[in-house]
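Inspection log for the structure reproduced underneath, given as structure tokens.
The values are calculated or read from the model by the stated rules, or taken from the named source; none is laboratory data. Note that this is a predicted model, so its numbers are computed, not measured. When we count neighbours, we look across all protein chains shown, and the Cβ atoms used for this are built from the backbone with ideal geometry, even at glycine. Keep in mind that these areas ignore ligands, DNA and RNA; they rest on the heavy atoms of the full protein, side chains included. Shrake-Rupley method; radii C 1.70, N 1.55, O 1.52, S 1.80 Å.
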Amino acid sequence: MYSRVLILMGALCALASPVSAQVTDTAAVVRQIQAGLESGAITPEQIRARLEAEGITVDDVRQRLRAAGYPENLLDRYLAPGAEPSGVPSLTSEQVEEVLRRLAIPPLDPMTDSLFGPDVLAVDSLFLDTLAVPEMMALPVFGMSLFERATSQFTPVSMGPVPANYELGPGDELVLILTGDVQDVYNLPVTREGFVVIPNVGRVSVNGLTLDQLRNSLYTYLGRVYSGVRRGPEATTFFEVSIATLRRNQVFVIGEVGRPGQVEVTSVSTALDALYQAGGPTGNGSFRNIQIRRGERVVANLDIYEYLTRGAATGDIPLNQGDVVFIPVRGRRVEIDGNVIRPGIYEVKGDEGLRSLLDLAGGIEPEADLRRVQIDRILPQDQRQPGVDRSLFDVNVAEFLDSGGEIVSLEPGDKVYVYAVSEERRNTVTVRGNVRAPGVYAYAPGMTLGEIIERAGGLKDDTYLARGQIVRIDPLDLSRRVVPISLSRDGSVPLDEFDEITVYSVAEFRERRYVTILGAVQFPGAYEFHEDMTLRDLVLVAGGLLPSAYVSEAEVARISVLPDSTADLTELIKVPIDSSYVVDRSQGGGDGSSNGGQLSATPEFELEGYDNVFIRSRPGFELPRTVAITGEVRFPGYYSLERKDEGIESLIERAGGLTSEAYAEGVRFFRIEHTIGDPEPHLAQLNVDLPAILAGSSDNRTVIMVEGDSVHVPEYIATIQVDGAVLYPTSVLYDPGQGLDYYVSNAGGYARDADSGRTRVEYANGTVKKVSGWFIFKSKPKPEAGSRVFVPAKPPPTAGGLEFRNLIAVLTAVTTMVIIVARN
């Protein structure tokens, strides 16, 4: 249905915006419209919503109808929900088709209409092949993109205004509108003989006339019947004649074209219209010498490059019935890349050379270096040598720009590259380091060090004035040497071109020290050390103490500087801290202390560079441990453990106990576990005998809850699920008195490949028990409500196993034969 909706929407969009088409049957489109509306698969609301999304309104459709001389509400019942226009009959499919034809609504072509999504396109693979550039060239072929995507650029008009010199002929259809004393509308098709028949007037010849000439003739013809038709202000009956439908011509597009063959165009269509419908030239087609043939003559030559580069299409003439548009094989093609506006592959013709190629490429970029334009050329056959088939040569285009004519001729396959000018700059000096505006500055002869420092914003306050450096290029051998300077007294030192001045700050020569704080602080880590920095300052920088911090003492590890300390790496210092180190985040601490005014009883401890501070956590401090319980308890939800040894029975009691529907034997207990070597935790199910725990049996200890545990108490499950190698996997009602074989039998029994000796029972609480023992001493687990019985299949026999089985079969056969012979 989706594709039918798209087809319908596309057809209706064409009512307000005609689209060029080729092969789709208009009657089929109309029948799809009718079928969709009548079946209810497509509603008028859907139509209106899609039209509005495309910017098309029902008023646009009505205007088109009105312009063609039809009642503007003729199609309202198909476009407006619930509309039943009065005085307008319900149309059949054939009548709707006729209206569309008279409105010049062409059928949609899903090859080019953008309303069709990619999931409903039926694109011809042959057409796609013609879009590929031969040898997968990196540069685009200029002009190919014009025909590669759907557009209405070349959609010809099929009704309405026509050129003033348009000559009427057979196949055109006119609309004659009479107003004033007489109100009437006539559709007047032009017959094959070139005339129209006007009711009450008779036959009027129109073949070869323009609309203005026809209007002059109609004053005579109409005036004989309608006395009010006359020229001048005395007229009481007025008429207007226009073209409702243009005649359609059959033309042929052949040669190197995407879809060669016959196309249908209107009488005002040009060669570009026909060429676009045929898919445009292929990768081997010419864009410069497209021929329009009329009979035995070539009446025009179309150069698409003129249209694309200058907007001129002198050879794009209107087509007549039977015209042939022929696309020959392309001429010389050359590439141009680099610093031009439009790099690409171009077809050049005649005597066009490098100058014309630069013009086709849109001209040069500002950074282009016309002193070096390089041409990579394939050598002619007689000039090639083994391993040498190409040649490079550079052209100084700048020397030829002012001269007329072509600069250099071009050969097929030439690759032209326009290089850019060098990034190097002259008359520069560079200032780096401790100035307010470092950078590259323009150099002028006689410029001094003081002048360039002033242009760079001056020195910063912490500048090291005793020494700076100028790196200078020696003009003799282009080597670089350092010229030492004093920024306090050498301001008049002259500079040279390309000098690089470096200014240092005092801070660059200071050692950058740090201190580290770890433990119970908000942001542990290493921080830059400052003179007179105290432990309280470092705690503040680290975001303050955590609630778990042990507010009694901190441990500071300091680099050992004792003269005899050969073994000790650090000196450990116990520093007392108190509640004043705790930042009161609800108040500003108006007196400057960190805890809102509370005085500190401990002295400030001054830090040294590279100190390592550790803030302990309070003994026994832990965040609440949260567990979850769901299912058949009175108050399911999340609970915080009261004690470290709180068990599952305590959690169930706090959750209000089990409900009457609870199935305690099927309780599911899940725990988050961490495996050594695996950074990702996983969820494990633990086997819990909840009825025994709740009964307080001394043989069943409780399960101690930990952080993240979750308990689910299900409803009573009255079935046993039987899966695996059984004939009919199914669920069987639980019967307390029945064993394992009962449930397997109810599933059809063991399959041929069943391995009954490995049958297992998976109980609802996660416990798994398997069949054990041998022959008559087998022990079979008894399923409980909610269990799953799984019968595995036997593994396929290995090569050794097959040989053993074959050997047993042979020995059995031989033994049988020996017994038979012995008895006889």
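For region 170-179, check the following and say yes or no: at least one residue is in contact (Cβ under 8 Å) with a residue 40 or more places away in the chain, closer than 30 Å to Q291 by Cβ and surrounded by fewer than 18 Cβ atoms within 10 Å (Cβ to Cβ). Show your work before the answer.
If we filter region 170-179 for residues that are in contact (Cβ under 8 Å) with a residue 40 or more places away in the chain, which is where we start, we get 170-179.
Retained after the next criterion (residues that are closer than 30 Å to Q291 by Cβ): 170-172.
If we keep only those that are surrounded by fewer than 18 Cβ atoms within 10 Å (Cβ to Cβ) as well, we get 170-171.
Checked against the condition, which is being in contact (Cβ under 8 Å) with a residue 40 or more places away in the chain, closer than 30 Å to Q291 by Cβ and surrounded by fewer than 18 Cβ atoms within 10 Å (Cβ to Cβ), region 170-179 yields at least one hit.
Table: residues versus (1) modelled with pLDDT under 85; (2) in a strand (DSSP E or B); (3) of a type in the set (D, E); (4) under 46 Å from the mean Cα position of the chain (by Cα).
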{"residue": "D394", "(1), (2), (3), (4)": "no, yes, yes, yes"}
{"residue": "V416", "(1), (2), (3), (4)": "no, yes, no, yes"}
{"residue": "R425", "(1), (2), (3), (4)": "yes, no, no, yes"}
{"residue": "R432", "(1), (2), (3), (4)": "no, yes, no, yes"}
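Counting only strands (runs of 3 or more DSSP E) wholly contained in region 469-577, the ones carrying 1 or more residues that are among the hydrophobic types (A, V, I, L, M, F, W, C), at negative phi and touching a residue at least 40 places away in the same chain (Cβ under 8 Å) occupy 500-503, 514-519, 549-559, 570-576.
Within 30 Å of M447 (Cβ to Cβ), charged (D, E, K, R), touching a residue at least 24 places away in the same chain (Cβ under 8 Å) and surrounded by fewer than 11 Cβ atoms within 10 Å (Cβ to Cβ) - does that describe any residue in region 414-427? Yes, that holds for at least one residue.
Take T191 and decide whether it is open to solvent by 30 Å² or more (accessible area, probe 1.4 Å), out of contact with any Cys (no Cβ under 7 Å at 6 or more places or on another chain) and at pLDDT below 90. It would help to see each step written out before you state the result.
Numbers: open to solvent by 30 Å² or more (accessible area, probe 1.4 Å): yes; out of contact with any Cys (no Cβ under 7 Å at 6 or more places or on another chain): yes; at pLDDT below 90: no.
For T191, the condition - open to solvent by 30 Å² or more (accessible area, probe 1.4 Å), out of contact with any Cys (no Cβ under 7 Å at 6 or more places or on another chain) and at pLDDT below 90 - is not met.
It is to be established whether one or more residues within region 366-387 are farther than 30 Å from G169 by Cα, without any contact (Cβ under 8 Å) to a residue 24 or more places away in the chain and among the basic types (K, R). Checking region 366-387: at least one residue is farther than 30 Å from G169 by Cα, without any contact (Cβ under 8 Å) to a residue 24 or more places away in the chain and among the basic types (K, R). Among residues belonging to region 679-689 that are part of a loop (DSSP other than H, G, I, E, B) and open to solvent by 40 Å² or more (accessible area, probe 1.4 Å), point out the one that is farthest from V667 (Cα to Cα). Per the criteria, the residue is P679.
Within this structure, V348 fails the test of being more than 30 Å from I452 (Cβ to Cβ), out of contact with any Pro (no Cβ under 7 Å at 6 or more places or on another chain) and free of Cβ contacts under 8 Å to residues at least 60 places away in the same chain. So is L459 surrounded by 12 or more Cβ atoms within 10 Å (Cβ to Cβ) and either over 29 Å from R510 (Cβ atoms) or out of contact with any helix residue (DSSP H, G or I) (no Cβ under 9 Å at 6 or more places or on another chain) (or both) or not? Spelling it out, it is not the case that L459 is surrounded by 12 or more Cβ atoms within 10 Å (Cβ to Cβ) and either over 29 Å from R510 (Cβ atoms) or out of contact with any helix residue (DSSP H, G or I) (no Cβ under 9 Å at 6 or more places or on another chain) (or both). Taken over region 430-456, the criterion of being more than 20 Å from E497 (Cα to Cα) and without any contact (Cβ under 8 Å) to a residue 40 or more places away in the chain is satisfied by R436 alone.
Listed by first and then second residue, the pairs linking a residue in region 276-289 that is free of Cβ contacts under 8 Å to residues at least 24 places away in the same chain and at positive phi to a residue that is in a loop (DSSP other than H, G, I, E, B) and open to solvent by less than 10 Å² (accessible area, probe 1.4 Å), with Cβ atoms under 9 Å apart and 6 or more places separating them unless they lie on different chains, form an empty list.
In region 615-670, the residue that is nearest to P547 (Cα to Cα) out of those that are surrounded by 19 or more Cβ atoms within 10 Å (Cβ to Cβ) and among the β-branched types (V, I, T) is I615.
Open to solvent by 50 Å² or more (accessible area, probe 1.4 Å), modelled with pLDDT under 65 and under 58 Å from the mean Cα position of the chain (by Cα): is that true of G592 in this structure? Spelling it out, G592 is indeed open to solvent by 50 Å² or more (accessible area, probe 1.4 Å), modelled with pLDDT under 65 and under 58 Å from the mean Cα position of the chain (by Cα). Residues that are open to solvent by less than 80 Å² (accessible area, probe 1.4 Å), part of a loop (DSSP other than H, G, I, E, B) and in contact (Cβ under 8 Å) with a residue 24 or more places away in the chain do not occur anywhere in region 212-223.
If I filter region 448-457 for residues that are in a loop (DSSP other than H, G, I, E, B) and at pLDDT 90 or above, do I get at least one hit? Yes, there is a match, as at least one residue in region 448-457 is in a loop (DSSP other than H, G, I, E, B) and at pLDDT 90 or above. Among the conditions (1) free of Cβ contacts under 8 Å to residues at least 60 places away in the same chain; (2) farther than 26 Å from G258 by Cβ; (3) open to solvent by 20 Å² or more (accessible area, probe 1.4 Å), the only one that D337 does not satisfy is (1).
Of all residues in region 690-709, how many are open to solvent by less than 80 Å² (accessible area, probe 1.4 Å) and either acidic (D, E) or part of a strand (DSSP E or B) (or both)? Counting residues in region 690-709 that are open to solvent by less than 80 Å² (accessible area, probe 1.4 Å) and either acidic (D, E) or part of a strand (DSSP E or B) (or both) gives 2.
Kindly check whether there is at least one residue in region 394-401 that is out of contact with any Lys or Arg (no Cβ under 9 Å at 6 or more places or on another chain) and open to solvent by 50 Å² or more (accessible area, probe 1.4 Å).
Checking region 394-401: not a single residue is out of contact with any Lys or Arg (no Cβ under 9 Å at 6 or more places or on another chain) and open to solvent by 50 Å² or more (accessible area, probe 1.4 Å).
Working only within region 231-247, note down all residues that are surrounded by 15 or more Cβ atoms within 10 Å (Cβ to Cβ) and either assigned to a loop (DSSP other than H, G, I, E, B) or without any contact (Cβ under 8 Å) to a residue 24 or more places away in the chain (or both). Hits for region 231-247 are A235, L246, R247. For region 306-317, check the following and say yes or no: at least one residue is open to solvent by 30 Å² or more (accessible area, probe 1.4 Å), out of contact with any strand residue (DSSP E or B) (no Cβ under 7 Å at 6 or more places or on another chain) and of a type in the set (S, T, N, Q). Within region 306-317 (the criterion being open to solvent by 30 Å² or more (accessible area, probe 1.4 Å), out of contact with any strand residue (DSSP E or B) (no Cβ under 7 Å at 6 or more places or on another chain) and of a type in the set (S, T, N, Q)), the answer is yes, since at least one residue qualifies.
So if I check each of V268, V263, V325, V298, which one is open to solvent by 50 Å² or more (accessible area, probe 1.4 Å), aliphatic (A, V, I, L, M) and under 30 Å from V190 (Cβ atoms)? Give the derivation first.
Values: V268 fails: open to solvent by 50 Å² or more (accessible area, probe 1.4 Å); V263 fails: open to solvent by 50 Å² or more (accessible area, probe 1.4 Å); V325 fails: open to solvent by 50 Å² or more (accessible area, probe 1.4 Å).
On inspection, the qualifying residue turns out to be V298.
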